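Every number in this text was worked out from the coordinates using simple rules, so none of it is lab data. Because the structure is a prediction, the values reported are computed rather than measured. Glycine also receives a Cβ, built like all others from the backbone with ideal geometry; neighbour counts cover every protein chain displayed.
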Amino acid sequence: MKNSRDIKLLFKRLKKMNNFLVLNALLIVCISISTIYSATISRTSSFYIKESIWTVIGLIAYLVVTMIDYKKYLKYYKVLYLLNILMLLSVFALGVSRLGAQRWIDFGPVSIQPSEVGKVLVVITLSAFLSTHFKDRLVGIKSVIIAVAHIAPVLLLILKQPDLGTTLIILMTFSVIIFMCELDWKTIIILGLSGVAFVPFAYFFLLKDYQRQRVLTFLNPEADLLGSGWNVTQSMIAIGSGELYGKGFLNSSQSKLRFLPEAHTDFIVSVFLEERGFLGGVLLFGLYFLLIMQIVYIAETTSDRFGRLVCYGIAGIFFFHFVINVGMTMGIMPVTGKPLLLMSYGGTSLLISFIMLGIVQSVRIYRD
């Protein structure tokens, strides 16, 4: 009888799901798969088939995570924190190097990027830490320093790989979560000024030579059109040639003629805008806006502090990935190699995106 009641209760909770959230995500993924097909049609590898398989795997993971009560993460957040550290440490022992960075672990034909998992675990463990140790609100710079100390080991391990893009996304998401803890304005001003002062220090002492070169290329891409400025220049040519209506499906000349490197990953938006034009961009960007606002709405209508902070953190991850990737393709942000979640080709990224949406749905159906 108890099992029967549990099943009925589960189905009752599942009826509370925001189905539009996953439908919104699936629309973006459908656009992604068609664009990946177009960008890679001249190659022998079937990237779009692999992405379709990962979509099915992601949906299964989404349903499983949705049915797990998110409050269990609060109970075991210390274990998750330790798991995150060990997982990131394993990259240095088991990881493989690609494009000058050691970020991936190969399991046969499948490659996993632990830092992608790590940023989600940071959101969960940080939200749990703040909800447990600061039940009312964060007061003063001391409490913020304690929160920074909580995420510092993870940031240092990711920065060591090196993965500056993920480090920046975690820092910006951290700022969102901290801000939602109702900081006093004095502390906010101090943090803002500290952030501004930290920028030149990071540029001269933390960034590697190739990372500083990316910043210089962003400021003046015309200085090296055939070198470091090539990707951004070709991306802007692709976007501009799309005009209002686009060139049409399978008609992206920049990717077909191999002028645009990484057309199916980092610069997939450039291919889409070349083929679908400004109006297609309005549709795609509108879908991302709706997706993020739905997550924010679930956060705002959740009284539980832990669930609220987790949702805001996940909304931050989606938002900052969008801003960094789209800004990069349009030449208004430095090239960091960060994908556009749900859109860029990549199994780990897609799987983690669906898992994050599953966590948000879990907050919605278990928050009462």
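Please report His150, His264 as a ranked list, fewest other C-beta atoms within 10 angstrom at the top and most at the bottom. It would help to have the intermediate numbers written out before the result.
Values: His150 17, His264 24.
Lowest to highest Cβ neighbour count: His150, His264.
Output wanted: per-residue J couplings in Hz (rounded whole) for the stretch 191-202, from phi through Karplus 6.51 cos²θ - 1.76 cosθ + 1.60, θ = phi - 60°, x for Gly and Pro.
After applying 6.51 cos²θ - 1.76 cosθ + 1.60, I find 5, x, 5, 5, x, 5, 5, 6, 4, x, 4, 5 Hz.
Could you give the nm distance between label points at Val199 and Tyr297, where each point is 7 Å from its Cα heading toward the beta carbon?
Each label point is offset 7 Å from its Cα along the Cβ direction, giving 3.5 nm.
With each run of n ≥ 4 DSSP H residues scored as -39500 (n - 2.57), what mean residue ellipticity at 222 nm is computed for the chain after dividing by its residue count and rounding to the nearest 500 deg cm²/dmol? Mind dumping the intermediate values first?
On the way: 15 runs with 258 residues, N = 368.
The helix contribution divided over the chain gives -23500 deg cm²/dmol.
Give the residue list of trypsin sites (Lys or Arg not before Pro) in the stretch 150-208 that are DSSP loop and have at most 14 other beta-carbon atoms within 10 angstrom.
Values: sites: Lys160, Lys186, Lys208; in loops: Lys208.
Sparse-neighbourhood loop trypsin sites (Lys or Arg not before Pro): Lys208.
Taking θ = phi - 60°, what integer Hz values does the Karplus form 6.51 cos²θ - 1.76 cosθ + 1.60 yield along the stretch 182-190, in sequence order, with x for Gly and Pro?
Each residue's phi maps through the Karplus curve to give 6, 5, 6, 5, 4, 5, 4, 5, 4 Hz.
Order of Cys311, Cys181 from fewest to most other C-beta atoms within 10 Å? Kindly include the intermediate steps, with their values, before the conclusion.
Values: Cys311 29, Cys181 21.
So the ranking, lowest neighbour count to highest, is Cys181, Cys311.
Please compute the contact order of the stretch 76-207 in relative form: average sequence separation of alpha-carbon pairs under 8 Å and at least six residues apart, divided by the residue count, as a percent.
25 percent
Show the residues, 5+ positions off or on another chain, whose built amide H is closer than 5 Å to the amide H of Arg103.
It is Val96, Arg98, by chain and number.
Give me Met333, Met180 ranked fewest to most by other Cβ atoms within 10 Å of their Cβ, as a rough exposure proxy.
Details: Met333 16, Met180 19.
Least crowded to most crowded, the residues run Met333, Met180.
If you put +1 on each Lys and Arg Cβ and -1 on each Asp and Glu Cβ, how big is the dipole of the chain around its Cα centre, in Debye rounded to 20?
Working: 33 positive and 20 negative charges, 266 e Å.
It works out to roughly 1280 debye.
Assign unit charges at the C-beta atoms only (+1 for Lys and Arg, -1 for Asp and Glu), then state the dipole size of the stretch 201-345 relative to its Cα centre in Debye, rounded to the nearest 20. Mind dumping the intermediate values first?
Working: 10 positive and 10 negative charges, 39 e Å.
Magnitude of the dipole: close to 180 debye.
Please name whichever of Val196, Gly280, Gly95 sits farthest to the positive end of the charge dipole of the chain, dipole taken about the Cα centre and charges placed at Cβ: Lys and Arg +1, Asp and Glu -1.
Gly95
What Kirkwood hydrodynamic radius do you get for the chain when you take the inverse of the mean 1/r over all pairs of distinct Cα atoms, in Å? Intermediate results must be reported in sequence, preceding the final value.
On the way: mean 1/r = 0.0462 Å⁻¹.
21.6 Å is the Kirkwood radius here.
Within the set of other residues whose C-beta is less than 13 Å from the C-beta of Val269, count the net charge using Lys and Arg as +1 and Asp and Glu as -1. Present the calculation step by step, with values, prior to reporting the outcome.
Working: positive: Arg276, Lys338; negative: Glu262, Asp266, Glu274, Glu275.
Neighbour charge sum, excluding Val269 itself: -2.
Could you pull out every residue, at least 5 positions away or on a different chain, whose amide H is within less than 5 Å of the one on Tyr345? Hs are placed 1.01 Å off N in the peptide plane, and Pro or chain starts have none.
Thr265
Would you mind getting me the FRET efficiency between Tyr210 and Ser253? Use the beta-carbon distance for r and R0 = 30 Å, nearest 0.05.
Working: r = 29 Å, r/R0 = 0.97.
In this case the efficiency is close to 0.55.
I'd like the Karplus ³J(HN,Hα) series for the stretch 335-349: coefficients 6.51, -1.76, 1.60, θ = phi - 60°, whole numbers in Hz, and an x wherever there's a Gly or Pro.
Ordered by residue, 3J(HN,Hα) equals 6, 10, x, 8, x, 8, 4, 6, 10, 5, 5, x, x, 4, 4 Hz.
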